[in-house]
Structures are given as C-alpha cells and as structure tokens.
Amino acid sequence: MTEPEQSVRVTAWVRGHVQGVGFRWWTRARALELGLVGSASNLRDGRVEVNAEGPEEACRALVAALRSGATPGRVDSVVERWSRARGGLTGFAER
C-alpha cells in the first residue's frame, strides 16, 4: 500500500501583462482541472499572486502551465515559494 501524496502550498508571483486579460480566470480553470484549491489575486504592482494547495504533482503542473506560454496575456517571469499546506481552503477564487 502506498502512502497518500502530501499536500503542499505553492505561492507564485506572475509578472508580465497579466491583468485585464483573463489570466486569473484561466488560472482558476487550470487549478480546478488539477483538483487544487486556492486563489489568484491582482496585486497593485501589476503582478498576479497565485496561491494553490493540493498534491505536489498537481501544484507543479499548475506552475508549469503558468510558464507554458499558453496563458492569456504575456508572462515575463514566475517566482515561486513552496511550503506545507495550511488547509482551510475550498474552491479556487479570483480576487
């Protein structure tokens, strides 16, 4: 019997032309497809902050999607921080 995969949290700050182009909606759709919970929020400096929790493999797939070049707008860089899942999240919100 294998152990269930540990849940993790990834926070990704996405820089580029990512506000006002459907980027948060697109990110939410990818996260929900991957079974993740969390949020995507516009920041005042023009970046989008993505917080996602779930299996590490799914979180890594979301970060890869953010870097894929297939997003709305234009992604110039993605900076990520990994930690243990905090829990208490449901769904995936656009803020």
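Report the full-extension gain for the segment ALA64 to GLU5: residue separation times 0.36 nm, less the Cα-Cα distance, to one decimal in nm. The partial results should precede the final answer.
Details: separation 59, 0.36 × 59 = 21.24 nm, distance 1.91 nm.
Difference between extended and current length: 19.3 nm.
Dipole of the range 7-84 (Lys/Arg Cβ +1, Asp/Glu Cβ -1, origin at the Cα centre): which of GLY20, GLY69, LEU32 lies farthest to the positive side?
Checking the options against the dipole of the range 7-84, the answer is GLY20.
Please work out the ratio of the alpha-carbon Rg of the chain to 2.2 N^0.38 Å and round it to two decimals.
It is 1.03.
Would you calculate the separation in nanometres between label points at ARG86 and GLU57, each defined as 7 Å from the Cα along the Cα-to-beta-carbon direction?
Reported label-point gap for ARG86 and GLU57 is 2.7 nm.
Please give the contour-minus-distance gain from SER41 to SER77: 0.36 nm per residue of separation, less the Cα-Cα distance, rounded to one decimal in nm. List each step's numbers first, then the result.
Values: separation 36, 0.36 × 36 = 12.96 nm, distance 1.61 nm.
In short, 11.3 nm is gained.
What number comes out for the charge environment of ASN42, summing +1 per Lys or Arg and -1 per Asp or Glu over other residues with Cβ under 11 Å away?
So the surrounding residues net to +1.
Give, rounded to the nearest 20 debye, the magnitude of the charge dipole that the chain has about its Cα centre when Lys and Arg contribute +1 at Cβ and Asp and Glu contribute -1 at Cβ. It would help to have the intermediate numbers written out before the result.
On the way: 14 positive and 11 negative charges, 81 e Å.
That gives a dipole near 380 debye.
Do you know the relative contact order of the range 12-67, to the nearest whole percent, from alpha carbon pairs under 8 angstrom that are 6+ apart?
That works out to 40 percent.
Each reported figure results from applying straightforward, stated rules to the coordinates on display, with no laboratory input. None of these values were measured; they are calculated from a predicted model. So basically every Cβ, Gly included, is an ideal-geometry build from the backbone, and we count neighbours across all protein chains shown.
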